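In what follows, a structure is listed as structure tokens, so that the remarks can point back to it.
Computed from the coordinates by the stated procedures, all read-outs in this text should not be read as laboratory data. This structure is a prediction, so every number in the text was calculated from the model and none was measured. Every residue, glycine as well, gets a Cβ built from its backbone with ideal geometry; the counts of neighbours run over all protein chains shown.
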Amino acid sequence: MIDSYNDRWALITGASSGIGAEFAAQLAGRGMHLILAARRKDRMAELATELNTRHGTRCHIVAIDLADPDASRRLFEETRRLNVDVELLVNNAGIGLIGQIESTSPEDVRRLLNLNLVTLADLTYRVLPGMLKRRHGAIINMSSQAAFQPVAFMATYAASKSFILHFSEALWAEVRGRGVTVTALCPGVTRTDFFDKAGAPGWLEKHTSITPTKVVRTALKAMEKRRQYVVPGWNNYLLTILVRFMTRRTAVNESKRYFRPKRSLPEDDAAKKTTDRHQDSE
């Protein structure tokens, strides 16, 4: 695992806002230098300036659409061009989709799969061999509380997060004893703009939520303890346990109550479109 934060390099995807930006802030506070990758170059530049002023952090910005099929290769080659060893990889970038089947674009589904699964897995397999060779390093993969059950109206998103959870746990088992650790981070409702952009305004006001600060602190603590996954917040963790005592039919039917789009289509009418999309890759 990580034997020292100070003067080491972390690569963070989806680093321009939310949980990704919070990872950058906390890791900079621990003395790490950062490679920030996302689409919004202006936001990353502001963040880099702030972290350099506050902590003396060196930040390298990579403006890139990580949903592009070739993005992970290009990003990894950029780290090699910089001639730095990635001590910590935070695969934070992801897309969420909420919507009825009839109004969900296949192109948006393909984009979600490219970003949430292909880019994350490809980048992991590119970075991990170097860590194993050095016998130290860590990877944090952004999963979700939704990974523990199928979720109606968020079918592709929840399934992608389940993949990330199982993928990360399997790699954790493979690299145990080799100085490297892999952790799946599975937050629940977090105080970001995710639900507003996903077409569920007011969600945070109606449900218990936690801050990005707590999510990141919990993630780093779990990584340091070499845990294979972590669910920030006791309430969220207990919900993942509760699902195990339900039938799968009950669990997925209950999810319909919480994630049905606000302007849902009648069962027999596909004329009105209500798909909303959230970009976390920015």
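General observations
- For Leu242, Leu34, the sequence from fewest to most other C-beta atoms within 10 Å is Leu242, Leu34.
- Available extension along the chain between Asp65 and Asn52 is 2.2 nm, counting 0.36 nm per residue and deducting the alpha carbon span.
- Overall dimensions of the stretch 9-279 by Cα: Rg and Dmax, Å: 18.5, 59
- Calculated FRET efficiency for the pair His166/Ile101, C-beta based, R₀ 22 Å, to 0.05: 0.30
- Using equal-weight Cα scatterers in the Debye expression, the normalised intensity of the stretch 1-131 in log10 at q = 0.12, 0.15, 0.22 Å⁻¹ is -0.46, -0.69, -1.31.
- Chain lengthening between Met246 and Asp42 when straightened (0.36 nm per residue, less Cα-Cα): 68.8 nm
- Distant-in-sequence amide H partners of Ile64 (H built 1.01 Å from N, under 5 Å): Ala38, Arg39
- If only the Cβ of Lys and Arg carry +1 and only the Cβ of Asp and Glu carry -1, the dipole of the stretch 9-279 around its Cα centre is close to 740 debye.
- Shown for Tyr5, Tyr157, Tyr237: other C-beta atoms within 10 Å of each C-beta, ranked fewest to most, produce the order Tyr237, Tyr5, Tyr157.
- Among Phe167, Phe245, the ranking by other beta carbons within 10 Å of each residue's beta carbon, starting with the fewest, stands as Phe245, Phe167.
- The dipole here belongs to the stretch 12-68: it is taken about the Cα centre, uses +1 on the Cβ of Lys and Arg and -1 on the Cβ of Asp and Glu, and is about 140 debye.
- Segment Leu239..Arg260, full-extension length gain: 5.7 nm, with 0.36 nm per residue of separation and the alpha-carbon distance subtracted.
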